[in-house]
Each structure stands twice: as structure tokens, then as C-alpha cells.
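Contents: one structure, followed by commentary.
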Amino acid sequence: MEENKQANFRSGYAAVVGRPNVGKSTLINSLLGQKIAAVSSKPQTTRLKQLGILTTPDAQIVLIDTPGIHLPRHKLGKGMNALAEEALQDADIVIWLVDANVVPHPEDELITQKLSSLRELPPVLQVLNKIDLLSEGELDKRREEYAALYPRVDQLAVSAKQDVGIEDVVSFIKEKLSEGAPFYPLDQVTDYYEREIAADLIREAALERLRDEVPHAIAVRIDEYQERNDTGAFISATMFVEKDSQKGIVIGKGGTMLKSIGTGARRAIEAMSSRKVFLELRVKVNKNWRSNRDFLKQMGYEDLGEE
Ligand SMILES: Nc1nc2c(ncn2[C@@H]2O[C@H](COP(=O)(O)OP(=O)(O)OP(=O)(O)O)[C@@H](O)[C@H]2O)c(=O)[nH]1
Ligand SMILES: [Mg+2]
């Protein structure tokens, strides 16, 4: 019996791609039933490829979260697109997420192009997200508009935020995967270390509280991450911005903004790690870091500085 089960085990990589802000990271958190990826209402929250590993009794689905595919304006943006394309090349199946509330955008056509240029075309599932925000009639219209972007594409409709339709996505992926052994230990949920997730949760807290270009000019470096058994964890981090004026905005009048970001981030890290956290945050200027290849490398955006 046990052997039989093992023989039918399926495994593979599912790349989750789409325009910025359509809900890719939310979908992955929902599929996993826990928060591993930063989510915010601002586009370009995800900067790196992050794995979300979903293991069930009969399958292991390695979900690849990717930065939103967009029209880039600096080295960081170009590199982010390149990472999303790399994920497409590694994928056994592509989950193409779109926002069902808006009509297709030129950036969606960019995705059609990228898919068409792949040498080996994996199965593609188009997932229409955020259906909690629209009516049945509108959804039918949107299905057609998005289907027109890609010949004979399979579609499902979900609300990643409200966990609606998520099981169907899992079933669809499982059906398309080939038999094979798991790639990762059965209890592993991501390839990120807790400190990397913490850095992203700090950035998420800043993204939610700041406006315009400021939040995107932030990079977070964890300087210290220490377990203190009796009091939880001590984390010290630096938020880098590109200009003095941005530093002022991030700190806020009398330090109120920095305090609010710190409180929000601390709560999110506590929820993620199920223990108390003491968080120390500071802000520094690193002029135009998003175009600085060495700094991008230092920050772990490894290959993002390449032309
Ligand atoms: N109403 C509603 N909002 C959603 C849903 N899914 C995601 N969102 C919201 O959409 C925003 C963007 O979500 P993310 O998961 O960060 O989107 P993303 O595609 O990963 O974005 P990038 O990493 O910036 O490319 C957040 O404010 C989410 O709460 C949904 O099903 N319904
Ligand atoms: Mg994301």
C-alpha cells in the first residue's frame, strides 16, 4: 500500500507569473495556508524569486513567486523582469495570474510574447483573481477578453484573498505534473530563511504606509537576527533610501512614520514566526542604489544589476 502511494507521487515546478499587483504572492500564501511572501497594495512588492513549497500526501508542488512583469525604468526593474522570465524557463506548468477587475493591459501582452518565445511550452493556466470585487456578468466578459490573449488557454477564477477557488487550482496543477519524487523535504515551505522573509515584511510595512516613488526606493538589510530565549528574537535592520528627502519622509514628523512601520513590521514578523520580536529600525541614504550594480549585489539582488 505504502509503496503504491510513493509510486503515484507527483512533483514539479509551477511558475506564478503576471503583471505587478495582480495577487501572485497572495495566491501563494493562500495555497500554502500560511504567510511566507510579502503582499502589499503597491505594485512591485516582490523583487526576487521565492519558492513556496506545497506538499500533500500525493504531490509536491514547488510554486515560484516572481516579480510582476512590467515595463522597467531602472536596472532593478530590468533584473526583476529577467527573474520572472527565468522562472518561466524552469516551469513544468505556468500559472498566469490576472486581475479580473481590469481589462487586459499591454503588460499582459508582454506575457503572451514571453510565453510564445519559450522553446518548450509548458501547460498554461490563466487564473482570474479578485473575483470577490466583481459580478458574474462582468466575470464572463473578462474571461473572454483574457482568453483572447492566448489560444485555447485553460482558465479558473479565484479570490486569493478570500481563499475562494483555491482547491481547483491545486487539482489542476496536480493533474498536469508528472510522477516523480519530492524535490524538497516534506515539511519545508519555502527556500527563504526567516531573516529574508523578515526583511520583506519590513519592506511590506513601508510599502503600505508610504506613497508615490518613496516605498519603491527602499531596500532592507538585516544587520542582526538573534534568538533571545526568554524574550523572543532581537532583530536590527537598516532601511536604505535613495535621497535625503526620502529619508525625512520615512522617518516622519517626530519619528512617527518610522515608528508606525516598525510596529507593523514587528507584528507581521511575530505572526510569521510565532514568537515575540524586538525590532530596531534605522534609515540610511544610498544615492540612486537601484542603478548601482554593486549595491544590488550586496543586497542579494544577485544578478539584477546585469545589463
Ligand atoms: N479584493 C482582493 N484583493 C486581493 C486579492 N488578491 C490579492 N489582493 C490584493 O492585491 C494587492 C496585491 O497583492 P500581491 O499579492 O502583493 O500582488 P503581487 O502580484 O504579488 O504583486 P507584485 O509582487 O508587486 O508583483 C494586495 O493589496 C492584496 O491584498 C483578491 O482575491 N481580492
Ligand atoms: Mg508579489
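For the chain, carbon and sulfur atoms together expose 47% of the accessible surface, with a 1.4 angstrom probe and every protein chain in place. Ranking 56, 301, 183 by Cα position along the charge dipole of the chain, where only Lys, Arg, Asp and Glu carry charges on their C-beta atoms, puts 301 farthest toward the positive end. Charge dipole (Cα centre; +1 on Lys/Arg Cβ, -1 on Asp/Glu Cβ; no other charges) of the chain amounts to roughly 1480 debye.
Given Cβ point charges of +1 (Lys, Arg) and -1 (Asp, Glu) and nothing else, what value in debye, to the nearest 20, does the dipole of the range 155-307 about its Cα centre take?
In debye, rounded to 20, the range 155-307 gives about 980.
Against the chain, whose longest principal axis is taken from its Cα atoms, helix 136-147 shows a tilt of about 80°.
Grab the alpha carbons of the chain, take their convex hull, and tell me the volume per residue in Å³. All intermediate terms of the calculation are to be shown ahead of the outcome.
Values: hull volume 44.3 nm³, N = 307.
Hull volume normalised by residue count: 144 Å³.
The residues of the chain expose on average 49 square angstrom of accessible surface per residue, using a 1.4 Å probe on protein heavy atoms. Helix-only arithmetic for the chain: the sum of -39500 (n - 2.57) across DSSP H runs with n ≥ 4, divided by the residue total, places the mean residue ellipticity at 222 nm at -11000 deg cm²/dmol. You can think of it this way: the chain between residue 121 and residue 141 has 4.5 nm of extra reach, that is 0.36 nm per residue less the Cα-Cα gap. Here the gap between residue 89 and residue 101, fully extended at 0.36 nm per residue and compared with their Cα-Cα distance, gives a gain of 1.5 nm. Evaluated over the range 138-267, the count of Lys pairs having alpha-carbon atoms less than 23 Å apart is 5 (only pairs 8 or more residues apart or interchain). Taking 14 Å as the cut-off, the amide N atoms of the range 169-205 that come nearer than this to a point 7 Å along the Cα-to-beta-carbon line of residue 227 belong to 194-195. Counting only Cβ charges, +1 for Lys and Arg and -1 for Asp and Glu, the dipole size of the range 188-267 around its Cα centre is about 440 debye. Of the GluC sites (Glu not before Pro) found in the range 151-215, those that fall in a DSSP loop while having at most 16 other beta-carbon atoms within 10 Å are 213.
For the range 1-97, lysine pairs separated by 8 or more sequence positions, or belonging to different chains, with Cα-Cα distances below 23 Å total 10.
The values are calculated or read from the model by the stated rules, or taken from the named source; none is laboratory data. All values derive from a computational prediction rather than experimental measurement. As a convention, Cβ positions derive from the backbone with ideal geometry for all residues, glycine included, and neighbour counts pool all protein chains shown. Surface areas here come from the heavy atoms of the whole protein model, side chains and all, with no ligands, DNA or RNA. Shrake-Rupley method; radii C 1.70, N 1.55, O 1.52, S 1.80 Å.
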